[in-house]
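I am attaching a structure below and will ask some questions about it afterwards.
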Amino acid sequence: MGKKKKIGLLTSGGDCQGLNAALRGVAKGLDNAFDEVEFYGFTDGYRGLIECEYKTYEANDFSGILTMGGTILGTSRQPYKQMRVIDENSVDKVAAMKRTYQKLGLDCLVILGGNGTHKTANLLSGEGLHIVTLPKTIDNDIYGTDLTFGFYSAVDIATHVIECIHTTAFSHSRVFIVELMGHKAGWLTLYAGIGGGADVILLPEIPYDIDRVAEAITRRNNNRNKFAILAVAEGALSVEESKMRKKEFKAARAAMAYPSVSYRLAAELEEKTGKEIRVTVPGHFQRGGSPNAYDRIFCSLLGAAAADLIAREQYGYMVGYVDNKFVPVPLSEVAGRLKLVPPDCQVVTEARRLGISFGD
């Protein structure tokens with residue numbers, strides 16, 4: 001209790017389900033912790049902080065947004081690599097963000113975002129700003145937390161896509177490839193693939209052998225299953241590609257004659273199996289719509305845990321979820337690290353027991 005608290009809020013990076021629910025959780029938690037709280041919501045993420053573009057809110061302004069998708073604050077991608085670069089307008093972004101924070105007299109800045117967002121959050125924390133973050137991404141790949149919000153809502157949507165594909169695949173005896181989001185981490189494809197009944201799951205963490213994938217399709221055909229479903233992460237790569245250096249891999253992908261790896265897979269598998277193959281890319285559907293019940297609960301509790309850190313003046317932390325508990329994780333441990341799918345983790349092991357092929 002005591003003097004008025006001034007709290008900055010921003011959502012950065014890609015949107016996802018649960019951002020509004022998390023903002024609401026923070027606001028309600030702080031409203032119950034202090035006599036008076038004034039919120040400054042920055043427009044379109046770090047851009048608003050840099051340009052001092054914001055709206056003021058009271059706790060009541062966050063009512064009615066628990067079930068809303070997207071973010072009422074707006075969001076944008078501001079690459080971390082550019083944060084220390086003086087732009088063409090001679091703007092020092094870091095200095096500008098600090099200036100905005102100090103001008104408004106903020107007690108804390110609450111940041112909701114993914115990996116790139118956390119790098120910048122850690123940078124600002126190192127510059128002396130009071131920072132608390134919440135882990136947001138449908139990829140579930142933020143280090144230091146077992147779960148990120150938005151993940152299970154996206155799993156629901158991706159699973160539904162695969163489920164719907166089954167009927168047309170069965171009717172036409174076709175092989176369908178469903179390409180799901182996940183450039184570097186395959187958590188979304190792994191869970192949706194299992195939940196949707198995919199026969200093959202291809203992840204960035206487990207390079208595939210095209211012949212093994214073809215064998216899995218042929219094996220189903222020989223077992224009188226005339227169709228097959230492949231759940232493929234957009235960042236899936238072949239065994240040959242996994243041996244390339246980073247620059248060589250980027251050059252090879254840039255020169256690829258297909259819009260994505262899934263279309264290349266379709267062409268290669270048609271030739272090897274003689275099956276008719278179709279590709280479905282749900283894309284941003286996976287980010288959209290209302291958060292599911294789990295994410296509404298999870299985001300509300302994450303927000304409350306963030307409010308508790310602020311009330312205890314415990315800054316420089318992300319609210320993580322580890323072993324079913326909300327815990328403060330130092331931003332210095334989170335920034336610049338990814339949580340990838342371990343190829344030998346239990347989820348993959350048990351999926352193999354179900355007969356799911358990972359193309360290796």
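The values are calculated or read from the model by the stated rules, or taken from the named source; none is laboratory data. The model shown is predicted, which means the values in this text are computed figures rather than measured ones. Cβ sites come from the backbone with ideal geometry, for glycine too, and all protein chains shown count toward neighbours. For the accessible areas, the whole protein counts, side chains as well, though only heavy atoms, and no ligand, DNA or RNA atoms are used. Shrake-Rupley method; radii C 1.70, N 1.55, O 1.52, S 1.80 Å.
Tell me, yes or no, whether the stretch 37-46 has at least one residue that is surrounded by 14 or more Cβ atoms within 10 Å (Cβ to Cβ), modelled with pLDDT of 95 or more, of a type outside the set (Phe, Trp, Tyr) and in contact with a helix residue (DSSP H, G or I) (Cβ under 6 Å, 6 or more places away or on another chain).
Here is the first cut: in the stretch 37-46, the residues surrounded by 14 or more Cβ atoms within 10 Å (Cβ to Cβ) are 37-46.
Keeping just the survivors that are modelled with pLDDT of 95 or more gives 37-46.
Keeping just the survivors that are of a type outside the set (Phe, Trp, Tyr) gives 37-38, 41, 43-45.
Among the residues that remain, those that are also in contact with a helix residue (DSSP H, G or I) (Cβ under 6 Å, 6 or more places away or on another chain) are: 37.
The answer is yes; a qualifying residue exists.
Still on this structure, I have one more. Can you go through Arg245, Arg219, Arg212 and tell me which one is at pLDDT 95 or above, farther than 30 Å from Ala22 by Cβ and open to solvent by 10 Å² or more (accessible area, probe 1.4 Å)?
Numbers: Arg245 fails: at pLDDT 95 or above; Arg219 fails: at pLDDT 95 or above.
It is Arg212.
From the list Ile111, Ile72, which one is in contact with a strand residue (DSSP E or B) (Cβ under 8 Å, 6 or more places away or on another chain) and buried (at least 18 other Cβ atoms within 10 Å of the Cβ)? Before the answer, list the steps.
Details: Ile72 fails: buried (at least 18 other Cβ atoms within 10 Å of the Cβ).
Every option except Ile111 fails the conditions.
Still on this structure, please answer the following. So is Asn140 out of contact with any Cys (no Cβ under 9 Å at 6 or more places or on another chain), among the polar types (S, T, N, Q), closer than 29 Å to Lys246 by Cβ and assigned to a loop (DSSP other than H, G, I, E, B) or not? Can you show your working first?
Numbers: out of contact with any Cys (no Cβ under 9 Å at 6 or more places or on another chain): yes; among the polar types (S, T, N, Q): yes; closer than 29 Å to Lys246 by Cβ: yes; assigned to a loop (DSSP other than H, G, I, E, B): yes.
Yes, satisfied.
Scan the stretch 47-64 for residues that are over 22 Å from Gln78 (Cα atoms) and touching a helix residue (DSSP H, G or I) at 6+ places or on another chain (Cβ under 7 Å) and jot them down. Please lay out each step first, then the result.
Residues of the stretch 47-64 that are over 22 Å from Gln78 (Cα atoms), as a first pass: 56-64.
Listed by number, the residues that qualify are Ala59, Phe62.
Which residue, of Leu73, Leu9, Leu30, Leu49, is part of a helix (DSSP H, G or I) and within 16 Å of Thr117 (Cβ to Cβ)? Give the derivation first.
Values: Leu73 fails: part of a helix (DSSP H, G or I); Leu9 fails: part of a helix (DSSP H, G or I); Leu30 fails: within 16 Å of Thr117 (Cβ to Cβ).
Leu49 is the lone residue from the list that is part of a helix (DSSP H, G or I) and within 16 Å of Thr117 (Cβ to Cβ).
Give me a count of the residues in the stretch 257-275 that are loosely packed, with under 13 Cβ neighbours inside 10 Å and under 26 Å from the mean Cα position of the chain (by Cα).
Adding up the residues that qualify gives 1.
Tell me which of these Asn89 doesn't satisfy, since it passes every other one: (1) surrounded by fewer than 20 Cβ atoms within 10 Å (Cβ to Cβ); (2) in a helix (DSSP H, G or I); (3) of a type outside the set (Gly, Ala, Ser).
So Asn89 meets the others, but not (2).
Can you tell me which residue is surrounded by the most Cβ atoms within 10 Å (Cβ to Cβ) among those in the stretch 228-238 that are farther than 11 Å from Gly359 by Cβ and free of Cβ contacts under 8 Å to residues at least 60 places away in the same chain?
Ala233
Right, next: If a residue must be of a type in the set (A, V, I, L, M, F, W, C), out of contact with any Asp or Glu (no Cβ under 8 Å at 6 or more places or on another chain) and assigned to a helix (DSSP H, G or I), how many such residues does the stretch 176-193 contain?
Let us first name the residues in the stretch 176-193 that are of a type in the set (A, V, I, L, M, F, W, C), namely 176-178, 180-181, 185, 187-188, 190, 192.
If we keep only those that are out of contact with any Asp or Glu (no Cβ under 8 Å at 6 or more places or on another chain) as well, we get 176-178, 190, 192.
Filter once more, keeping what is assigned to a helix (DSSP H, G or I): 190, 192.
Residues meeting the conditions: 2.
Moving on to the next point. Before we move on, is Thr67 at pLDDT 95 or above, touching a Lys or Arg at 6+ places or on another chain (Cβ under 9 Å), surrounded by fewer than 16 Cβ atoms within 10 Å (Cβ to Cβ) and not acidic (Asp, Glu)?
Details: at pLDDT 95 or above: yes; touching a Lys or Arg at 6+ places or on another chain (Cβ under 9 Å): yes; surrounded by fewer than 16 Cβ atoms within 10 Å (Cβ to Cβ): yes; not acidic (Asp, Glu): yes.
Yes.
In this structure, is Tyr57 aromatic (Phe, Trp, Tyr) and over 20 Å from Lys119 (Cα atoms)? If you could, list the steps in order and put the result at the bottom.
Values: aromatic (Phe, Trp, Tyr): yes; over 20 Å from Lys119 (Cα atoms): yes.
When the stated conditions are applied, Tyr57 passes them.
Considering only the stretch 206-221, I want to know if a residue exists there that is part of a strand (DSSP E or B) and either β-branched (Val, Ile, Thr) or in contact with a helix residue (DSSP H, G or I) (Cβ under 6 Å, 6 or more places away or on another chain) (or both).
Quick first cut of the stretch 206-221, residues part of a strand (DSSP E or B) only: 206, 208.
Remaining after also requiring either β-branched (Val, Ile, Thr) or in contact with a helix residue (DSSP H, G or I) (Cβ under 6 Å, 6 or more places away or on another chain) (or both): 206.
Yes, the stretch 206-221 has at least one match.
Any chance you could count how many residues in the stretch 166-200 are of a type in the set (Phe, Trp, Tyr) and open to solvent by less than 20 Å² (accessible area, probe 1.4 Å)?
Residues in the stretch 166-200 being of a type in the set (Phe, Trp, Tyr) and open to solvent by less than 20 Å² (accessible area, probe 1.4 Å): 1 in total.
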